[in-house]
Amino acid sequence: MKHFVFTAATVALLLAGCTSFKSFSAFEPATPADYTGPTANVADQVVAVSPQRLHVFEITQVDGRRLASSSMASTRAGQGSGMTLTPVALTNELPLRPAQVKLQATTQYASPMLALANASCRTVGEVRFTPAEGKRYLVNGQIAAKVCEVWIQDAVTGQPVTEKISGPGTER
């Protein structure tokens, strides 16, 4: 009987813990619900290096709000496709005001085994970004042997508009 009570209590605590993470897994839009002003478009970039490997440059948070990501959308789109990935690049509408933006550059593989057997990178960091009216932006970066970096640039001119977040490259 003691074992049953202990097991039931443990299961109840685990289930209670799962419900407390519900808000953690919720995604929010980049533009707060109460914002009614103009916005600027910021597009993630997903580069298909091969049918099994993507390079993803994306925004994952704006002012602490967790966004749906291109890496997760690509994973979902490729489910049931065997050993191939389907690149999906999301876009976000950001208010025209200063924001703290979390950027990520990552290598994404079609399976965990491919990820373990091949070179990859993941660089994450925050930058300050103030979008301008009438502008379009692109999350860009590079994934190479020596460096893995990500930034936001003007989509028309190609000029960076944020600092670059840099990390170690794919060299092992």
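The values are calculated or read from the model by the stated rules, or taken from the named source; none is laboratory data. Keep in mind the model is a prediction, meaning the values are calculated, not measured. Ideal geometry is used to build each Cβ from the backbone, glycine not excepted, and the neighbour counts take in all protein chains shown.
Key figures for this structure:
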read-out: Tally of residues being under 22 Å from residue 95 (Cβ atoms) and at pLDDT 95 or above across the range 133-153; value: 9
read-out: Residue count, the range 29-67 (criterion: of a type in the set (Ser, Thr, Tyr) and at pLDDT below 90); value: 3
read-out: Condition broken by residue 156, with the remaining ones in (1) surrounded by 14 or more Cβ atoms within 10 Å (Cβ to Cβ); (2) aliphatic (A, V, I, L, M); (3) under 18 Å from residue 94 (Cβ atoms) satisfied; value: (1)
read-out: Number of positions in the range 99-129 that are among the aliphatic types (A, V, I, L, M) and assigned to a loop (DSSP other than H, G, I, E, B); value: 2
read-out: Long-range neighbours under 8 Å by Cβ, at least six apart or interchain, first residue in contact (Cβ under 8 Å) with a residue 24 or more places away in the chain and β-branched (Val, Ile, Thr) within the range 65-84, second outside any helix (DSSP H, G or I) and loosely packed, with under 15 Cβ neighbours inside 10 Å; value: 84/51
read-out: Filter result (surrounded by 14 or more Cβ atoms within 10 Å (Cβ to Cβ) and more than 19 Å from residue 30 (Cα to Cα)) within the range 98-117; value: 106, 107, 108, 109, 110, 114, 115
read-out: Counted residues, the range 41-90 - those being of a type in the set (A, V, I, L, M), in a strand (DSSP E or B) and more than 30 Å from residue 130 (Cα to Cα); value: 1
read-out: Failed condition for residue 22, given (1) modelled with pLDDT under 75; (2) among the charged types (D, E, K, R); (3) surrounded by 14 or more Cβ atoms within 10 Å (Cβ to Cβ); value: (3)
read-out: Residues of the range 130-141 that turn out to be in contact with a Lys or Arg (Cβ under 9 Å, 6 or more places away or on another chain) and either part of a strand (DSSP E or B) or more than 10 Å from residue 41 (Cα to Cα) (or both), as a count; value: 2
read-out: Qualifying residues in the range 76-85 (those that are surrounded by fewer than 18 Cβ atoms within 10 Å (Cβ to Cβ) and not small (Gly, Ala, Ser)) - the one farthest from the chain's Cα centre (by Cα); value: 83
read-out: Residues being of a type in the set (Val, Ile, Thr) and farther than 15 Å from residue 60 by Cα - total across the range 114-172; value: 8
read-out: Search result, residues across the range 86-97 that are more than 20 Å from residue 144 (Cα to Cα), surrounded by 15 or more Cβ atoms within 10 Å (Cβ to Cβ) and in contact (Cβ under 8 Å) with a residue 24 or more places away in the chain; value: 88, 89, 90, 91, 92, 94, 95, 96
